[in-house]
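Visitor: The structure that follows is given in the form of structure tokens.
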Number of protein chains: 2
Amino acid sequence: MTRQTKPRQIKLGAFLPGGGQHVAAWRHPDHPVDGATSFEFHKQLAQTAERGLFDAYFLADGLAVSFGGGTEGGNAKVAGFEPVTLFSALAPLTKNLGFIATASTTYEEPYNTARKFASLDLISGGRAGWNVVTTATEAAAQNFNLDQQLPHAARYRRAQEHVEVVKALWDSFEDDAFIRDKESGVFYDTAKVHDTDHVGEHFKVKGPLNVPRSSQGHPVIVQAGQSEDGRRLAAATAEVIFTAHQHLDTAQEFYRDIKARAVAAGRNPDHVLVMPGVSPFVGRTEAEAREKYDRITSYILEEDGIALLNGLTGGTLDLRGHDLDGPLPPVPATEGMKSRQALIRQIADENGFTIRQLYQWVASARGHYTVIGTPVQIADTLQEWFENEAADGFNILPPWFPTALDDFVDLVIPELQHRGLFRTAYEGTTLRDNLGLPVPVNRHSAGHRTVQAAE
Amino acid sequence: MTRQTKPRQIKLGAFLPGGGQHVAAWRHPDHPVDGATSFEFHKQLAQTAERGLFDAYFLADGLAVSFGGGTEGGNAKVAGFEPVTLFSALAPLTKNLGFIATASTTYEEPYNTARKFASLDLISGGRAGWNVVTTATEAAAQNFNLDQQLPHAARYRRAQEHVEVVKALWDSFEDDAFIRDKESGVFYDTAKVHDTDHVGEHFKVKGPLNVPRSSQGHPVIVQAGQSEDGRRLAAATAEVIFTAHQHLDTAQEFYRDIKARAVAAGRNPDHVLVMPGVSPFVGRTEAEAREKYDRITSYILEEDGIALLNGLTGGTLDLRGHDLDGPLPPVPATEGMKSRQALIRQIADENGFTIRQLYQWVASARGHYTVIGTPVQIADTLQEWFENEAADGFNILPPWFPTALDDFVDLVIPELQHRGLFRTAYEGTTLRDNLGLPVPVNRHSAGHRTVQAAE
């Protein structure tokens, strides 16, 4: 097999929740107040992301109402769409854009997870990705027959097994299982349809799945765990890893660690893409960029800032009554998202932030890297991270929509293209084509052993 | 409130699984062999149904691979799309057509069910319906951690509670809960967001749901149970009831029973629509219709006919080795779909069918009423049932696609319109608008008690 060597280029995801990214996004004059629940607005965002040649549209998810504004979009996130259902509706309205939906392993059965993602993958012609998460809130647990959430380690054990079962189910039909011969009446080859026969700690699943594979094999597996449990899961199963860093050096440490773990797990490190989050404030001048930052900051209500910090640190930090212009008090340990708690503490300490300064800084992207500057300055940063073992690409979190997304597409993308760092046309029609990830060979197919050996 | 009196008209659902309805549909020259897994084909079917002014596109569902052809579309149904995901993709490509997706209460959590249907309802602008089923096969049970399926009565108890919880979750946000005032920063009124606080035999769900209501309030509840347990559930919760009958008199018995049960449950019987299934073979002459029937019958393989009868009678009837031109042997009782087992027995007995004649007859629609004739003859039958307390409308199951669907749309619909029995334009944009069903008042809203009293 001959292989054309192509220069390595940046991969880009777009985080575009209709309610906005910044806690006060919905109060921005450009942002529609009903963005979170407007299908037309999500359609506009998807089409803009495709115009910008983004690899994928990404959406987070939660299994409970997020009260008090402690999440992306703040209070505007109180209600919205289930991401797979939404992406399915957006798929036929786009041609190349990938769709990475978050879905929890904690409160769904693998057979249902496998089906909905396989369906989205088939409907979109191979453009689906699954962001594998565990669900870490008491509120969600109480919507699923429990009084309190499962411990961190237990959630990750379940997640690991859940992903294994889903991937096995996705291989139920070999690609040449379908004969479909009208003359003989033979529709499929029973020898090419396979049971899963999984029996594990959490699940017993016989299979097969009743949805076939798409043209990209199966959805791209995405993961965002930063903790030890999370990194182990990511290195074992993820093809794209979302991550949050404030500095080049911690991003590099994470990048090298993940690549080393992937190699140790017998995987090709080029097939594990590390993509830190970046929240861009783009101005034609530095002053204009700074004005944009100051403007949206002015829309943050104190109570929403307090709720945001409470949410990001695990839901047990009540700052009401504290002096907001004083330092952040100690954060109680919880069974919630451990890595995010540590990151918030770190940002407060190393910048010497007051409570107010802290929530203002994390309001745009909850701990993801915030860059404020001209297209050239922002491209410089992305290039530095990309060329120095900190990133294979980035997840772009424009603070509000549509204008902050338009700014990135119209000003930063051309600068990256000009430097040869970003595509000028989609490489293909599937998410794997564009991310440069291989089509996974079906574990049951004759070619499976050969391919494994060649990797 | 003034009310315009409108002549009562027939409501029509379209059962359009891409693999076809008849067991041998995929072998028909007009039917694409890959229809079951082709999104483009489903799009064509949806657009044809909308051209025909159907109320809704309906899809069944199963939680295991259907081996051996014992279902709609026969072996072509071995793999396909999850219905809610598929309908979501079809929604933006249509304007008025409703989408009624089947989803099981047996192996999903109510919070997840409520979310995906509420999302579809919002995306489609109020065009979603949920066909509530219990899942009755060993194969499905074994995909969800069990060795064998739950008993019939236990499934229905769980179904009843599941529907109650879902409906409660759908009322989490009152319609005027969203303030969305940029100036003050108030996004929603906390007093108008409600917990569910359900604690029951199967589920404990605190709520609220994180998806708001659509313009039709919530998805239309559809049900198809024929057994005592099924009728009780239908009368208590369903707004549309699918049913299968071979004769006017049994259809009338069912119709009157359901309406009486609805009244006994304190409901308006006009808000419980009874819609028997009809499988039409339409010809410009009676002979042409009969030729169409004979032609597709010729495509049935003996083994598929045997598998079909096994599937319809609960999965324990092995007819291999029997004389196919002899009578149907006794059918063993199972915990599967009891009513369908009885119907198949009845068809065999009252027609004196051999095994072969029986599977040929039920191959087109698995026990639904088969009509073979001219547009005038078919319209006569529908009119007779509609005007004599047997039906408020019909679910049309064209045996193969697209031509058998086109025949119904191009030949039968105009005949019904000519008689004033069917709409010539959609009444509105929501499924409830077109079905003539009221928007359910939110249980938490101030107007709730008044409306209940007025009904």
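Visitor: Write down the Kirkwood hydrodynamic radius of chain A, to one decimal in angstroms, obtained as one divided by the mean of 1/r over all alpha carbon pairs.
Guide: Its Kirkwood hydrodynamic radius stands at 22.7 Å.
Visitor: If we restrict to alpha carbons, what Rg and Dmax does the range B:301-362 come to, in Å?
Guide: Over the range B:301-362's Cα set, Rg and Dmax evaluate to 10.4, 29 Å.
Visitor: List the distances, in nm to one decimal, from the label point of A:D349 to the label points of the same position in every other copy, shortest first, placing each label point 7 Å from Cα along the Cα-to-Cβ direction.
Guide: 8.0
Visitor: Also, quick follow-up: Where both partners of a DSSP beta bridge lie in chain B, what percent of those bridges are antiparallel, to the nearest 5?
Guide: The antiparallel proportion sits near 15 percent.
Visitor: How shielded is A:117-128 by partner chains, expressed as the average number of their Cβ atoms within 10 Å of its Cβ atoms?
Guide: For this peptide, the per-residue mean of nearby foreign Cβ atoms is 4.
Visitor: Amide H of A:N131 versus every other amide H placed in the peptide plane: which residues, excluding those fewer than 5 positions away on the same chain, fall under 5 Å?
Guide: The list, which skips near neighbours in sequence, is A:A101, A:T102, A:A103, A:V222.
Visitor: Return the sequence-ordered ³J(HN,Hα) values of the range B:433-444 in whole Hz as given by the Karplus equation 6.51 cos²θ - 1.76 cosθ + 1.60 applied to θ = phi - 60°, using x for Gly and Pro.
Guide: Values per residue, Gly and Pro as x: 3, 6, 7, x, 9, x, 6, x, 6, 4, 4, 9 Hz.
Visitor: If each label sits 7 angstrom from Cα along the C-beta direction, how far apart, in nm, is B:D181 from its counterparts in the other copies?
Guide: Relative to the other copies, B:D181 has label-point distances of 7.2 nm.
Visitor: What is the spread of the Cα atoms of the range A:146-257 along each of their three principal axes, largest first, in whole Å?
Guide: So the three principal-axis extents are 64, 37, 21 Å.
Visitor: With the cut-off at 20 Å, tell me which of the pairs A:K182/B:K43; A:K95/A:K182; A:K206/B:K116; A:K292/B:K182; A:K95/B:K43; A:K11/A:K259 have Cα atoms farther apart than that.
Guide: Listed pairs above 20 Å: A:K182/B:K43; A:K95/A:K182; A:K206/B:K116.
Visitor: A follow-up question, please. Of all alpha-carbon pairs in the range A:1-74, indicate the percentage at a distance above 22 angstrom.
Guide: Tail of P(r) above 22 Å: 35 percent of Cα pairs.
Visitor: What is the Å³ per residue value for the convex hull set by the Cα atoms of the protein assembly as shown? Spell out each step's value before the answer.
Guide: Values: hull volume 148.2 nm³, N = 910.
Output value, Cα hull per residue: 163 Å³.
Visitor: Sticking with this one: Counting DSSP beta bridges in the protein assembly as shown, what percent are antiparallel, to the nearest 5? Could the numbers behind the result be given before it?
Guide: Values: 14 of 82 bridges.
That works out to approximately 15 percent antiparallel.
Visitor: Right, next: Please list 3J(HN,Hα) in residue order for the range B:296-306, calculated via the Karplus relation 6.51 cos²θ - 1.76 cosθ + 1.60 where θ = phi - 60°; whole Hz, with x for glycine and proline.
Guide: Running phi through 6.51 cos²θ - 1.76 cosθ + 1.60 with θ = phi - 60° gives 5, 4, 5, 8, 6, 7, 3, 5, 6, x, 5 Hz.
Visitor: Taking each label point as 7 Å beyond Cα in the direction of the beta carbon, state the distances from B:A264 to the same residue in the other copies, shortest first, in nm.
Guide: 6.7
Visitor: Moving on to the next point. If you take all C-alpha pairs in the range A:231-305, what percent of them are over 13 Å apart?
Guide: 72
Visitor: Further, regarding this structure: Distances over 27 Å make up what percent of all Cα-Cα pairs in the range A:314-455?
Guide: Here the tail beyond 27 Å accounts for 47 percent of pairs.
Visitor: For A:R157, A:R419, B:R284, B:R432, what's the fewest-to-most ordering of other Cβ within 10 Å of each Cβ? If you can, show how the numbers build up before the last one.
Guide: Values: A:R157 17, A:R419 14, B:R284 11, B:R432 26.
Going from least to most buried by this count: B:R284, A:R419, A:R157, B:R432.
Visitor: Considering amide H positions built from the backbone, and no H for Pro or chain starts, which residues 5 or more places from A:F281, or on another chain, come under 5 Å of its amide H?
Guide: Hits under the 5 Å cutoff: A:V371, A:I372, A:G373.
Visitor: Report the residue of chain B with the smallest Cβ-to-axis distance, using the rotation axis that brings B onto A, in whole Å.
Guide: Spelled out, residue of B and its Cβ distance from the axis onto A: B:S88, 2.
Visitor: Show me, for the range B:313-321, the HN-Hα J-couplings you get by feeding each phi into the Karplus relation (A = 6.51, B = -1.76, C = 1.60, θ = phi - 60°), rounded to Hz, glycine and proline as x.
Guide: Ordered by residue, 3J(HN,Hα) equals 9, x, x, 10, 9, 9, 9, 4, x Hz.
Visitor: Within 10 Å of each Cβ of A:189-199, how many other protein chain Cβ atoms are there on average?
Guide: Average neighbour count from other chains, rounded to a whole number: 1.
Visitor: Sorted by average packing, counted as other Cβ atoms within 10 angstrom per residue and highest first, what order do B:168-175, B:310-317 take?
Guide: Working: B:168-175: 23.4, B:310-317: 20.4.
Final packing ranking: B:168-175, B:310-317.
Visitor: Using only atoms on other chains, find how many Cβ atoms lie within 10 Å of each Cβ of peptide B:220-226 and report the average.
Guide: 0
Visitor: Please list, in chain and number order, the residues 5+ apart from A:V186 or on another chain whose amide H is under 5 Å from its amide H, with Hs placed from the backbone.
Guide: A:D181
Throughout, read-outs are computed from the coordinates displayed, never taken from laboratory work. This one's a predicted model, so the numbers in the text were calculated from it and none came from an experiment. Counting neighbours? That spans all protein chains shown, and the Cβs are built from the backbone with ideal geometry, glycine included.
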